[in-house]
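Worksheet: one structure, shown below.
The values are calculated or read from the model by the stated rules, or taken from the named source; none is laboratory data. Everything quoted here is computed from the prediction, not taken from an experiment. Neighbour counts run over all protein chains shown; Cβ positions are idealised from the backbone, glycine included.
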Amino acid sequence: MSKHRILILGGTTEARHLAGALASRRDCDPTLSLAGRTADPMSQPVPVRSGGFGGSDGLAAFLRQEHFDLLIDATHPFATRISDNALVAAKQAGIPCFALCRPAWEPMPGDRWTGVASVAEAVAVLGDAPRRVFLAIGRQEVSHFQNAPQHAYIIRSVDAVVPPLAVPDTCYILATGPFGEEAEKQLLTAHRIDVIVAKNSGGSATYGKIAAARKLGLPVIMVERRRPAGIRTVQTVDEALDLLDHIVSPDMKRGV
Ligand SMILES: NC(=O)c1ccc[n+]([C@@H]2O[C@H](COP(=O)([O-])OP(=O)(O)OC[C@H]3O[C@@H](n4cnc5c(N)ncnc54)[C@H](OP(=O)(O)O)[C@@H]3O)[C@@H](O)[C@H]2O)c1
């Protein structure tokens, strides 16, 4: 039996779980693709390739050269460039493509969210008066906050922020989730945080800070998502497996 060659664009827990589910299937030959930015990436249950493709053309060429039958974009909800590229490249390569993207968090009673469209907008929303800000947005876009040096920043990321932020009052915390609500409450209290800046990533691993903020009555500036339109999207690994079965069934091979 020839196996279905599947490229999973990863860097998320969901991508790893999907890869694990496909690894045990005799009809699938999955490869996981990582951006290659994390210094110490987690081990993965399938073959991994690492690093950018060189835009959508590079990705399309890779899909063709390696004879992939299906592309699954299981990247982080905020990894918009690679998601845009995935859609274009799959079309160019003439193979089906779908996205696995966890649902966004929804505000609950007691939440004090201000929704913004970008990290740059979050900086503006912080205002002029000095505040103690917990930045939990990863490290890539932290430099925007140099435009508001009057605030004190407590910055948590998996890898170090390089170069460090050029503002006088910073504290760096290197840590990998998941982060529970109780520990987050203690951290927010210990650092006397006034406001949190977060990305609406969804999922449970980083929700602790949001639940903790609700309990403590703290405001959250929530950067909302921008996902590419026009790509079929499922929200869970089980839904991804169902859709995959549908696509690779003999009479539906090119159906998405
Ligand atoms: N953004 C976040 O908040 C966040 C959080 C957690 C995890 N991640 C993960 O970290 C990775 C990078 O995120 P990002 O926000 O930098 O993405 P991005 O801005 O959408 O992508 C920037 C470039 O990185 C390369 N790239 C991204 N993901 C890749 C993948 N899975 N495999 C191969 N190349 C990839 C592509 O380079 P080329 O154009 O050269 O192909 C892409 O154009 C993603 O895999 C994502 O799932 C991101």
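Which of the numbered conditions does residue 63 fail, given that it passes all the others? Conditions: (1) within 14 Å of residue 30 (Cα to Cα); (2) part of a helix (DSSP H, G or I); (3) under 19 Å from the mean Cα position of the chain (by Cα).
Residue 63 satisfies all of (1) within 14 Å of residue 30 (Cα to Cα); (2) part of a helix (DSSP H, G or I); (3) under 19 Å from the mean Cα position of the chain (by Cα) except (3).
All but one of (1) within 14 Å of the ligand (Cβ to nearest atom); (2) out of contact with any Ser or Thr (no Cβ under 9 Å at 6 or more places or on another chain) hold for residue 22; state the number of the condition that does not hold.
(1)
Restricting attention to region 207-231, which residues are at pLDDT 95 or above and closer than 23 Å to residue 13 by Cα?
207, 208, 209, 210, 211, 212, 222, 223, 224 - these are the residues of region 207-231 that are at pLDDT 95 or above and closer than 23 Å to residue 13 by Cα.
Any residue at all in region 169-179 that is under 16 Å from residue 197 (Cα atoms) and under 19 Å from the mean Cα position of the chain (by Cα)?
Taking every residue of region 169-179 in turn, at least one turns out to be under 16 Å from residue 197 (Cα atoms) and under 19 Å from the mean Cα position of the chain (by Cα).
Among residues belonging to region 31-72 that are closer than 20 Å to residue 13 by Cα and of a type in the set (D, E, K, R), point out the one that is farthest from the ligand (Cβ to nearest atom).
This residue is 40.
Need the failing condition index for residue 198 against (1) assigned to a strand (DSSP E or B); (2) free of Cβ contacts under 8 Å to residues at least 12 places away in the same chain, just the number.
Residue 198 satisfies all of (1) assigned to a strand (DSSP E or B); (2) free of Cβ contacts under 8 Å to residues at least 12 places away in the same chain except (2).
Exactly one of (1) in contact (Cβ under 8 Å) with a residue 60 or more places away in the chain; (2) farther than 22 Å from residue 5 by Cβ; (3) surrounded by fewer than 18 Cβ atoms within 10 Å (Cβ to Cβ) is unmet by residue 133. Its number?
Looking at each condition in turn, residue 133 falls short on (3).
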